[in-house]
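One structure is given below, encoded as structure tokens.
The values are calculated or read from the model by the stated rules, or taken from the named source; none is laboratory data. Everything quoted here is computed from the prediction, not taken from an experiment. Every residue, glycine as well, gets a Cβ built from its backbone with ideal geometry; the counts of neighbours run over all protein chains shown. These accessible areas exclude ligands, DNA and RNA; they are computed on the full protein's heavy atoms, side chains included. Shrake-Rupley method; radii C 1.70, N 1.55, O 1.52, S 1.80 Å.
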Amino acid sequence: MSQRRKQPDELRSFRWFGPDTHRAFGHRSRMQEMGFAREEFMGKPVIGIVNTWSDTNTCHSHLRDRANEVKRGVMQAGGFPVELPAMSVGEQMTKPTSMMYRNFLAMETEELLRSQPIDGCVLLGGCDKTTPGLLMGAISMGIPAIYLPAGAMLRGHWRGKTLGSGTDVFKLHAERRAGNLSDDDWNSLESGFARSAGTCMVMGTASTMMSLAESLGMTLPGASTIPAVDATHAQMAVRAGMRIVDMVWDDLTPAKILTREAFDNAITVDMALSGSTNAIIHLTAMAGRAGIDLPAERFDEISKRTPVLCNLKPAGTHLMEDFYYAGGLRGLLNRIGDLLNLDCLTVNGRTLGENIAGAEVYDDDVIRTRGNPLSPTGGTAVLRGNLAPDGAIIKPTAAEPRLLKHRGKAVVFESVDDMYARVDDENLDVTADSVLVLKNGGPLGAPGMPEWGQLPIPKKLLRDGVRDMLRISDARMSGTSYGACVLHVCPESAVGGPLAFVRDGDEIEMDVEARTLHLHVSEAELKARREAWQPPPAHYSRGYGSLYIQHVTQADKGADFDFLHAGEPIPEPKIF
Ligand code: FES
């Protein structure tokens, strides 16, 4: 990039530290109170390291070290680093669901950056919601930003088998429920699954979103596939620290990177990865912050022209560590270069095409060739019909093929409590051809749109060897999950979407190839059910939950808050 570089007195932080005023005197004086010499921070880019480390975020236990490595890089490049802790939103421990707090993290990130003397930022995250949360906040704030992905943990191992987080737990838990795993077997599994710092190591939501952050141009090239505990991960953190300082001088903001073409790239990569279904919601929300409308049809259009080349669980067989050794995301991107907008700018100041030029693939089973894809078309399909007027999605690559065109009788659960109370009842009227339906799993109904969408197969069917059924809900599904699960049914049942009116025994038909989802109930009957329907009571009357249920949008709009979409710029804080 050749453009005029900023001068020190044009830095945002100069408003805090530069003027000869009583207030700026206080800012400088208090920095010196902490032991910083005046010349350390005066006239230098102040880099906020937004760190989602916490003792309860199991995937981010190395991020304190990474923050220090970023600081080293910032200082080497002549900047001044400050660490800003932000809500960690760990997938495992955050209840009722981490999704409820993605928008909280996004707000916190934006306001942390706005309210402090920060010129640019490095965002440290990786566990599912932290990637979109941090990026949404940084997009809205609009100062230069680099995303530093936490990286995936090492492969899981148990009794000679390689295991993937989530995906294999779900499978083994089904065996446990079918009576095929003893207490000892089950307990010994626990220590084999998660062997190091880092995120889940399948192509779940975390790996997908980290890869998409790189595809959007928001990470250094190759950053998203490095295992969390590899020495090159620490080196990448140093380099991110060095680079962000130059980005501040060049005023390389997210708005210059996150174009419509960049989002098309991210969708293309999502499909080639057979990425998590959650990516649709998160990309839609991130694009909304950038002022870009991403209709569900765009995902479907791109899905139809993009082969799945990444052979990782849950759709395939390998894990993130294998992906890294096989050439990683750069290798994959090079294989689909003709499907990408290679002129898109990235955080290192080069184009995506320049960043992936010459990237090699070392294992054609992990990163398939174009002639031998895992699937000839993309990993996610968007369905519409009278059951989902505003859309629903399914990941066909993770479903048993026989279920991709299916008609069956509904077995309806009114809530997750109802489901867990009855699903294993020996008297439940259910067969392998039934369609399991869960209501009240959406943004408002649950609330927070939890990952309830992989409804459990009834125990009596598990014993008969059934391992997949058509399941439909307005909830999400873990990116590590699998099965014929129709998700994100929109509008959700809690706001009176048609899902609310499904009853036991109704016939439901799905045809993935035709992209349809149909409830075989007459219009007159549906009208009568709609008129008799009562909305469920609100879950919260105060606190963050109350703000959430008043402002969260539906899944097709990204489940962001309505007041956080792109709009008029927010004024810089006044400093008197
Ligand atoms: Fe953090 Fe899976 S629990 S990525």
Margin query: Could you check the stretch 142-180 and list, in sequence order, the residues that are among the aromatic types (Phe, Trp, Tyr) and more than 20 Å from residue 482 (Cα to Cα)?
Written below: 147, 158
Next item on the list: Please identify the pairs in which a residue from the stretch 165-177 that is open to solvent by 50 Å² or more (accessible area, probe 1.4 Å) has its Cβ atom under 8 Å from the Cβ atom of a residue that is away from the ligand (no atom under 16 Å from the Cβ) and aromatic (Phe, Trp, Tyr), counting only partners at least 6 apart or on another chain.
Entry: 176/186
Note to self: Residue pairs, Cβ under 8 Å, 6 or more apart or interchain, first in the stretch 296-320 and closer than 23 Å to residue 149 by Cα, second aromatic (Phe, Trp, Tyr) and not in a helix (DSSP H, G or I). List them.
What the structure shows: 314/482; 315/482
Note to self: The conditions are (1) more than 15 Å from residue 435 (Cα to Cα); (2) in contact with a strand residue (DSSP E or B) (Cβ under 9 Å, 6 or more places away or on another chain); (3) open to solvent by 70 Å² or more (accessible area, probe 1.4 Å), and residue 503 fails exactly one of them. Which is it?
What the structure shows: (1)
Check: If residue 138 passes every condition in (1) in contact (Cβ under 8 Å) with a residue 12 or more places away in the chain; (2) more than 16 Å from the ligand (Cβ to nearest atom); (3) open to solvent by 30 Å² or more (accessible area, probe 1.4 Å) but one, which one does it miss?
Finding: (3)
Check: In the stretch 369-393, what count of residues is obtained for those that are touching a Pro at 6+ places or on another chain (Cβ under 8 Å), surrounded by 22 or more Cβ atoms within 10 Å (Cβ to Cβ) and modelled with pLDDT of 95 or more?
Finding: 2
Next item on the list: Give 25, 36 a once-over and let me know the one that is part of a loop (DSSP other than H, G, I, E, B) and away from the ligand (no atom under 16 Å from the Cβ).
Entry: 36
Notebook entry, point to check: Failed condition for residue 156, given (1) modelled with pLDDT of 95 or more; (2) surrounded by 21 or more Cβ atoms within 10 Å (Cβ to Cβ), with all others met?
Noted result: (1)
Check: Can you pull out the residues in the stretch 178-191 that are assigned to a helix (DSSP H, G or I), open to solvent by 10 Å² or more (accessible area, probe 1.4 Å) and under 27 Å from residue 463 (Cβ atoms)?
Finding: 183, 184, 185, 186, 187, 188, 190
Check: How many residues, within the stretch 254-283, are buried (at least 24 other Cβ atoms within 10 Å of the Cβ), within 23 Å of residue 110 (Cβ to Cβ) and of a type in the set (Val, Ile, Thr)?
Finding: 2
Next item on the list: Look through the stretch 113-135, keep the residues that are more than 16 Å from the ligand (Cβ to nearest atom) and of a type in the set (Gly, Ala, Ser), and return whichever of them is surrounded by the most Cβ atoms within 10 Å (Cβ to Cβ).
Entry: 120
Note to self: Among the residues that make up the stretch 26-47, is at least one of them in contact with a Pro (Cβ under 8 Å, 6 or more places away or on another chain), under 27 Å from residue 351 (Cβ atoms) and of a type in the set (A, V, I, L, M)?
What the structure shows: yes
Notebook entry, point to check: So which of 296, 315 ends up being over 26 Å from residue 254 (Cβ atoms), open to solvent by 10 Å² or more (accessible area, probe 1.4 Å) and among the aliphatic types (A, V, I, L, M)?
Noted result: 315
Notebook entry, point to check: Looking at the stretch 471-497, which of its residues are under 20 Å from residue 166 (Cα atoms), among the hydrophobic types (A, V, I, L, M, F, W, C) and touching a helix residue (DSSP H, G or I) at 6+ places or on another chain (Cβ under 7 Å)?
Noted result: 484
Next item on the list: Select from the stretch 351-368 the residues that are among the small types (Gly, Ala, Ser) and part of a loop (DSSP other than H, G, I, E, B) and write down the one among them that is surrounded by the most Cβ atoms within 10 Å (Cβ to Cβ).
Entry: 359
Checklist line | In the stretch 67-87, the residues that are more than 16 Å from the ligand (Cβ to nearest atom) and either hydrophobic (A, V, I, L, M, F, W, C) or free of Cβ contacts under 8 Å to residues at least 24 places away in the same chain (or both) | finding: 67, 68, 70, 74, 75, 77, 80, 82, 84
Notebook entry, point to check: Out of all the residues in the stretch 397-432, which are closer than 30 Å to residue 377 by Cβ, loosely packed, with under 15 Cβ neighbours inside 10 Å and charged (D, E, K, R)?
Noted result: 402, 405, 407
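From the residues in the stretch 141-164 that are within 16 Å of the ligand (Cβ to nearest atom) and in contact with a Pro (Cβ under 9 Å, 6 or more places away or on another chain), which one is farthest from residue 5 (Cα to Cα)?
At the first step, the residues of the stretch 141-164 found to be within 16 Å of the ligand (Cβ to nearest atom) are 147-156, 163-164.
Restricting the remaining residues to those that are in contact with a Pro (Cβ under 9 Å, 6 or more places away or on another chain) gives 151-154, 164.
On the way: 151: 32, 152: 36, 153: 39, 154: 41, 164: 46 Å.
Among those that are within 16 Å of the ligand (Cβ to nearest atom) and in contact with a Pro (Cβ under 9 Å, 6 or more places away or on another chain), it is 164.
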Notebook entry, point to check: Residues of the stretch 192-207 being open to solvent by less than 10 Å² (accessible area, probe 1.4 Å) and within 10 Å of the ligand (Cβ to nearest atom), which ones?
Noted result: 198, 199, 201, 202, 204, 205, 206, 207
Checklist line | From 230, 251, residue being in contact with a Pro (Cβ under 9 Å, 6 or more places away or on another chain), open to solvent by 10 Å² or more (accessible area, probe 1.4 Å) and farther than 20 Å from residue 288 by Cα | finding: 251
Next item on the list: Kindly indicate which of 562, 511, 556 is touching a Gly at 6+ places or on another chain (Cβ under 7 Å) and either of a type in the set (D, E, K, R) or farther than 24 Å from residue 476 by Cβ (or both).
Entry: 556
Item checked: Whichever residue in the stretch 43-53 is in a loop (DSSP other than H, G, I, E, B) and surrounded by 18 or more Cβ atoms within 10 Å (Cβ to Cβ) and, among such residues, is nearest to the ligand (Cβ to nearest atom) -> 52
Notebook entry, point to check: Would you call residue 64 open to solvent by 10 Å² or more (accessible area, probe 1.4 Å), away from the ligand (no atom under 16 Å from the Cβ), in contact with a Phe, Trp or Tyr (Cβ under 8 Å, 6 or more places away or on another chain) and without any contact (Cβ under 8 Å) to a residue 40 or more places away in the chain?
Noted result: yes
